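Q: Next up is a structure, given as structure tokens.
Readers should treat all values here as calculations from the given coordinates under stated rules, not as data from a laboratory. Here the structure is a predicted model, which is why all the values come from computation and not from measurement. Counting neighbours? That spans all protein chains shown, and the Cβs are built from the backbone with ideal geometry, glycine included.
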Amino acid sequence: MRPSGRDLNTLRPISIETGVTKHAEGSCLIRMGDTQVLCTASIEDRPPSFLRNTGLGWVTAEYGMLPRATNTRNRREAASGKQTGRTVEIQRLIGRALRAGVDRVALGERQITVDCDVLQADGGTRCAAITGGWVALRLAANRLLKAGVITSDPIVDHVAAVSCGIYAGQPVLDLDYAEDSEAGADGNFILTGRGRLIEVQMSAEGATFSRDELGTLLDLAAAGAAEIIEAQKAAL
């Protein structure tokens, strides 16, 4: 029995509210269970220096967690003068994932930065950030198309992410914190709307896992991502 009472293949309730900030070119608030992430996309009309005069655009991401996003207060990273390794790893993951769904030629020489700020954490924050970040990115691209700044849609596919793991000996979909903290193995699965894999992060936390179990987790992730993509479509 899962702590939440969900079936093994059931997602937490998901909602995506768009247009939640005034100034960003694209924004949404994504809720996956008790995890809440604010995602905003900001457009700059120049690429990073390493892409100047290449004709290519760039999508990057930044990730952060509010001090009371968790059950105890965490010190702001700005107060220590540097980001933690976890933060750097997560924001690189978000950027890689989102770029997989973008035609950088169609985007042109500009940069879109997707900021993902965790308001409340209950497991799966990086997956929620990727899923919500794609919605914010889609909205920003819509803004460019509507204004006639670009003529070809740079978004080539949906991007969605979901966690899966082995909890109490059973493969489960979309771990919350109670499961994630006790999982024998857990991972993050990032897929496109066509069901193609972008990235899989899977590791044994307390127990190894078999190839058959990994296959089961991949099947769970594919089904879960398909549901999440429907939520993205409904939000848009």
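Q: What does the charge add up to near residue 97, with Lys and Arg as +1, Asp and Glu as -1, over the other residues with Cβ less than 13 Å from its Cβ? Walk me through the intermediate numbers first.
A: On the way: positive: 92, 96, 99, 126, 196; negative: 89, 157, 199.
Result for the local shell: +2.
Q: Taking the radius of gyration and the Kirkwood hydrodynamic radius from Cα positions alone, what is the Rg/Rh ratio for the chain, to two decimal places?
A: Values: Rg = 17.7 Å, Rh = 18.1 Å.
Result: Rg/Rh = 0.98.
Q: Considering only the other residues whose Cβ falls under 14 Å of the Cβ of residue 135, what net charge follows from Lys and Arg at +1 and Asp and Glu at -1?
A: Working: positive: 31, 138, 143, 233; negative: 17, 25, 115, 157, 230.
Residues close to residue 135 contribute a combined charge of -1.
Q: Here's something else I'd like to know. Cα to Cα, under 15 Å, and not fewer than 8 places away if on the same chain: which aspartates and glutamates meet these conditions relative to residue 82?
A: Candidates past the 8-residue exclusion: 62.
Q: As a test of the formula, what do you get for the chain when each DSSP H run with n ≥ 4 contributes -39,500 (n - 2.57) and the sum is divided by the residue count, at 222 nm and rounded to the nearest 500 deg cm²/dmol? Spell out each step's value before the answer.
A: Details: 6 runs with 75 residues, N = 236.
Calculated mean residue ellipticity at 222 nm is -10000 deg cm²/dmol.
Q: Another question, if that's okay. In the stretch 14-235, if the dipole is taken from +1 on Lys/Arg beta carbons and -1 on Asp/Glu beta carbons about the Cα centre, which of 80, 29, 192 is farthest to the positive end?
A: 80
Q: If R₀ is 22 angstrom, what is the calculated FRET efficiency for the pair residue 226 and residue 180, using the beta carbon separation as r and rounding to 0.05?
A: Details: r = 22 Å, r/R0 = 1.00.
Rounded to the nearest 0.05, the efficiency is 0.50.
Q: For the stretch 6-18, just list the computed ³J(HN,Hα) in residue order, Karplus coefficients 6.51, -1.76 and 1.60, θ = phi - 60°, integers in Hz, with x standing in for Gly and Pro.
A: Ordered by residue, 3J(HN,Hα) equals 6, 5, 4, 10, 10, 6, 5, x, 10, 9, 9, 9, 9 Hz.
Q: Another one. Looking at the chain as a GNM with Cα springs under 10 Å, which of 163, 181, 49 has the largest mean-square fluctuation?
A: 49
Q: Among 223, 135, 124, whose Cα projects farthest towards the positive end of the dipole of the stretch 14-235, with charges put on the beta-carbon of Lys, Arg (+1) and Asp, Glu (-1)?
A: Farthest along the dipole direction, towards plus: 135.
Q: Compute the signed sum of charges (Lys and Arg +1, Asp and Glu -1) over the other residues within less than 13 Å, Cβ to Cβ, of residue 83. Don't skip to the end; give the middle numbers.
A: Values: positive: 75, 76, 82, 86, 92; negative: 62, 77, 89.
It works out to a net charge of +2.
Q: In addition: Say a paramagnetic label sat at a point 7 Å from the Cα of residue 87, along Cα to Cβ; which residues of the stretch 22-65 have their backbone N under 15 Å from it?
A: So the set is 61-65.
Q: Given the options 195, 132, 206, which has the most mean-square fluctuation in a GNM of the chain, springs set between C-alpha atoms less than 10 angstrom apart?
A: Most flexible of the set in this elastic network: 206.
Q: Another one. Which residue fluctuates most in the GNM of the chain (Cα springs below 10 Å): 98, 217, 197?
A: Ranking 98, 217, 197 by mean-square fluctuation puts 197 first.
Q: How would the stretch 23-84 be classified by its alpha-carbon gyration tensor: rounded, prolate or oblate, with rounded meaning a/c under 1.5 and the a/b versus b/c comparison settling the rest? If you can, show how the numbers build up before the last one.
A: On the way: a/c = 3.33, a/b = 1.69, b/c = 1.98.
Verdict is oblate for the stretch 23-84.
Q: Could you tell me which trypsin sites (Lys or Arg not before Pro) in the stretch 66-162 are loop residues by DSSP with no more than 12 other beta carbons within 10 angstrom of their beta carbon?
A: On the way: sites: 68, 73, 75, 76, 82, 86, 92, 96, 99, 104, 110, 126, 138, 143, 146; in loops: 68, 73, 75, 76, 82, 110.
The qualifying sites are 68, 73, 75, 76, 82.
Q: Another question, if that's okay. What length, rounded to one decimal in nm, is gained on full extension from residue 15 through to residue 156, with 0.36 nm per residue of separation minus their alpha-carbon distance?
A: On the way: separation 141, 0.36 × 141 = 50.76 nm, distance 2.30 nm.
Answer, rounded to one decimal: 48.5 nm.
Q: Treating only the Cβ atoms of Lys and Arg (+1) and Asp and Glu (-1) as charged, compute the dipole magnitude of the chain about its Cα centre; round to the nearest 20 debye. Write down the numbers at each step before the final one.
A: Numbers: 26 positive and 29 negative charges, 172 e Å.
With only Lys, Arg, Asp and Glu charged at Cβ, the dipole is about 820 debye.
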